[in-house]
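The values are calculated or read from the model by the stated rules, or taken from the named source; none is laboratory data. Everything numeric in this text was worked out from a predicted model, so none of it was measured. Quick reminder, even Gly has a Cβ in these numbers, built from the backbone with ideal geometry, and neighbours come from all protein chains shown.
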Amino acid sequence: MKSRYSLLLGRPFGIKVSVHWTFSLLIAWIVLISVGRGLETPQILMHILFVLALFVCVVLHELGHSLAAIRLGGEVHSITLLPIGGMAHMSKMPDKPRDEFLVSAAGPLVNVVIAFLLWLYISTIQRISIEDMEFQAITTQNFALMLMAANLFIVAFNLIPAFPMDGGRLFRSALSMKLSRLKATQIAKDIGQIFAILFIVAGLFVNPFLVIIGIFILLGAKGEYEMIKYQEILRDTTVKDIVKTEFAELDENNTLG
């Protein structure tokens, strides 16, 4: 089942999970890089399988956020997989700083659990020492270890205090316990934009993918601040304040001019 821009994968817990068409560009990029490195077809397929497994972890990460939000009174309609990760679409986010902290922490906590389970598998079932593994490409031997490392990287990366990532939301929720939500969002936004600029500059010299992430953070931080700002402005505004009750009377002989 397809929508205009994405493919529906399922509805776990009643939440629509879909993958955006741009995800195919990531697969194409993986194949292109692998061919450029001279990898054979089985190795390329293993790299693609690894990316798919990693994005399953991303879906579980977003489900962690979503289920925690629903538990605390939020509303979640869908999760979309993008080349840069997953995005949960929440129409209602818990307002209390404590609740936002729990929702923001739920995602990285899922990845910690996944990494722990993979570590148990590696240490008790697979039982292959790191010294015996090769890391020139993804193989059946190092697959679990690389996936564990990737989940730990997701945790570390998401905990960077750059709004609107999880670390930025955790930072904003902590500030909101002492400051107004708008002021806390402004501080988190400013720090997030500093990180965004650093990512963009680093991407110009290290990896172009960092430029995309930097732009995403830059726009996301600004968009979140604008949303919170207008929420604060309209918080005490009633329908009565904006509904027009006085109308000009026109005669049927009046011209439109």
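Structure notes:
- Taking segment 10-36 as the range and being outside any helix (DSSP H, G or I) and either among the polar types (S, T, N, Q) or in contact (Cβ under 8 Å) with a residue 12 or more places away in the chain (or both) as the test, the residues that pass are Ile15, Lys16, Val17, Ser18, Val19, His20, Trp21, Thr22.
- Selection within segment 86-104 - surrounded by fewer than 20 Cβ atoms within 10 Å (Cβ to Cβ) and either in contact (Cβ under 8 Å) with a residue 60 or more places away in the chain or over 24 Å from Phe209 (Cα atoms) (or both): Met90, Ser91, Lys92, Met93, Asp95, Lys96, Pro97, Arg98, Asp99, Phe101, Leu102
- Positions within segment 68-80 being in a helix (DSSP H, G or I) and surrounded by fewer than 19 Cβ atoms within 10 Å (Cβ to Cβ), in sequence order: Ile70, Arg71
- Of Phe195, Phe171, Phe205, all but one fail to be free of Cβ contacts under 8 Å to residues at least 24 places away in the same chain, more than 20 Å from His89 (Cα to Cα) and crowded, with 18+ Cβ neighbours inside 10 Å; the exception is Phe171.
- Filter result (among the aliphatic types (A, V, I, L, M) and either exposed (fewer than 10 other Cβ atoms within 10 Å of the Cβ) or without any contact (Cβ under 8 Å) to a residue 12 or more places away in the chain (or both)) within segment 214-245: Leu219, Met227, Ile233, Leu234, Val239, Ile242, Val243
- With respect to the conditions (1) among the acidic types (Asp, Glu); (2) over 26 Å from Ala162 (Cβ atoms); (3) in a helix (DSSP H, G or I), Asp236 lacks only one, and its number is (3).
- Residue within segment 148-155 that is assigned to a helix (DSSP H, G or I), touching a strand residue (DSSP E or B) at 6+ places or on another chain (Cβ under 9 Å) and not acidic (Asp, Glu) present: yes
- Selection status of Ala53, touching a residue at least 12 places away in the same chain (Cβ under 8 Å) and buried (at least 17 other Cβ atoms within 10 Å of the Cβ): no
- For segment 38-50, a residue qualifies if it is surrounded by 12 or more Cβ atoms within 10 Å (Cβ to Cβ) and not in a helix (DSSP H, G or I), and exactly one does: Leu39.
- You will find that of Leu145, Leu117, the residue that is aliphatic (A, V, I, L, M) and either closer than 25 Å to Val17 by Cα or in a loop (DSSP other than H, G, I, E, B) (or both) is Leu117 and no other.
- Options Gly167, Gly192, Gly220, Gly214: the member that is in a helix (DSSP H, G or I) and over 26 Å from Asp99 (Cα atoms): Gly214
- The set of residues in segment 240-257 that are small (Gly, Ala, Ser) and either touching a Pro at 6+ places or on another chain (Cβ under 6 Å) or modelled with pLDDT of 75 or more (or both) contains only Ala248.
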